[in-house]
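> Have a look at this one.
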Amino acid sequence: KNEVEQSPQNLTAQEGEFITINCSYSVGISALHWLQQHPGGGIVSLFMLSSGKKKHGRLIATINIQEKHSSLHITASHPRDSAVYICAASYGGATNKLIFGTGTLLAVQP
Amino acid sequence: KAGVTQTPRYLIKTRGQQVTLSCSPISGHRSVSWYQQTPGQGLQFLFEYFSETQRNKGNFPGRFSGRQFSNSRSEMNVSTLELGDSALYLCASSIGTGQTGNEKLFFGSGTQLSVL
């Protein structure tokens with residue numbers, strides 16, 4: 001069964017802290033997506049990766065194919081980073097049929 | 001460039017009714033996917049359309065259906081609504097070059113459906 005497991009479920013950090021969110025998945029993914037959802041529902045795609053590491057501003061996403069594991073890192077966290085972060089795996093090649101993790105609710109306190 | 005547009009934003013229906021939701025993708029995007037989000041089940045894949053053809057379908061009953069038009073706009077329909085269908089319905093588009101599993105997704109703001 002294709003599954004995506006995400007941890008932690010909830011995370012509270014102080015402004016400026018380094019944050020890591022983890023995601024584990026089953027074999028055979030074609031891509032791993034990291035998504036951000038703010039209150040009100042809107043989802044923004046942060047990263048889509050199938051190997052290696054990607055960086056955008058203070059956000060870094062890595063994936064280890066052998067260990068079937070991906071991490072999202074936030075450096076110098078800020079209260080505006082408070083949101084739900086969701087990892088999602090695409091299985092089976094040419095499809096946007098995503099299997100989603102349960103999400104991590106991040107609260108960054110000033 | 002306009003983003004992904006979903007209409008309506010909110011919808012209230014009663015059990016047994018049917019509903020149609022609309023999604024207009026980013027101009028030039030050919031793939032549209034639909035997802036359901038509930039507090040209990042989280043995000044779940046409904047279906048994906050690419051060039052007017054359903055490419056894949058999630059594990060939902062036949063009451064859930066969709067289609068895509070030649071301009072890539074997509075609609076999803078839910079017939080005989082049940083209380084459990086209350087959810088946020090999100091669509092996402094991607095450029096659709098054929099390997100859509102490796103393409104960045106752009107999400108709409110969603111339609112919040114309440115079934116009473």
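> Over all alpha-carbon pairs of the stretch B:65-116, lay out the pair-distance distribution in 10 Å bins, whole %, shortest bin first.
Pair shares across the bins are 20, 44, 27, 9, 0.
> Under 5 Å between amide hydrogens, which residues at least 5 positions from B:Ser109 or on another chain qualify, with H placed 1.01 Å from N in the peptide plane?
So B:Ser109 has HN proximity to B:Gln6.
> Taking the Cα centre as origin and putting +1 on Lys and Arg beta-carbons and -1 on Asp and Glu beta-carbons, what dipole magnitude results for the stretch B:15-80, to the nearest 20 debye?
Working: 7 positive and 3 negative charges, 20 e Å.
Value, rounded to 20: 100 debye.
> Same structure again: If you put +1 on each Lys and Arg Cβ and -1 on each Asp and Glu Cβ, how big is the dipole of the stretch A:7-110 around its Cα centre, in Debye rounded to 20?
On the way: 7 positive and 4 negative charges, 58 e Å.
In debye, rounded to 20, the stretch A:7-110 gives about 280.
> Shifting gears a bit: What residue among B:Gly62, B:Ser72, B:Thr20 has its Cα farthest toward the positive end of the dipole of chain B, where the charges are +1 on Lys, Arg and -1 on Asp, Glu, each on the Cβ?
Final value for the positive-end residue is B:Ser72.
> Under 8 Å for C-alpha pairs, at least 6 residues apart: give me the relative contact order for chain B, rounded to a whole percent.
Working: 293 pairs, mean separation 42.0, N = 116.
Computed value for chain B: 36 percent relative contact order.
> Whole-Hz ³J(HN,Hα) for each residue in the stretch A:12-20, computed from phi via Karplus 6.51 cos²θ - 1.76 cosθ + 1.60 with θ = phi - 60°, x for glycine and proline: what do you get?
Once θ is set to phi - 60°, the couplings for the stretch A:12-20 become 10, 9, 8, 3, x, 6, 8, 10, 10 Hz.
> Check which residues have an amide H placed less than 5 Å from A:Leu46's amide H, if you skip close sequence neighbours.
A:Trp34, A:Leu35, A:Gln36
> Can you run phi through the Karplus equation (6.51, -1.76, 1.60; θ = phi - 60°) for the stretch A:96-107 and list ³J(HN,Hα) in whole Hz, with x for Gly and Pro?
3J(HN,Hα) across the stretch A:96-107, in whole Hz: 9, 6, 9, 9, 9, x, 7, x, 10, 8, 9, 10.
> Amide H to amide H under 5 Å from B:Gly96: which residues, 5+ apart in sequence or cross-chain, H placed 1.01 Å off N in plane?
Long-range HN contacts for B:Gly96: B:Arg30, B:Ser31.
> Right, something else. Output the relative contact order of chain A, whole-number percent, from Cα pairs under 8 angstrom with separation of 6+ residues. Don't skip to the answer; put the middle values down first.
Values: 278 pairs, mean separation 41.6, N = 110.
So the answer I get is 38 percent.
> Determine the shielding of peptide B:30-37 by partner chains: average, over its residues, the number of Cβ atoms on other chains within 10 angstrom of each Cβ.
Working: counts 0, 3, 1, 4, 1, 6, 0, 6.
Mean partner shielding for this stretch: 3.
> Same structure, new question: If you plug each phi of the stretch A:51-57 into the Karplus form 6.51 cos²θ - 1.76 cosθ + 1.60 with θ = phi - 60°, what whole-Hz ³J(HN,Hα) values come out, in order, with x for Gly and Pro?
So the J values, rounded to whole Hz, are 6, x, 8, 10, 9, 9, x.
No lab work stands behind these numbers, since they all come straight from the coordinates. This one's a predicted model, so the numbers in the text were calculated from it and none came from an experiment. No Cβ is skipped: glycine too gets one built from the backbone with ideal geometry, and neighbour counts run over all protein chains shown.
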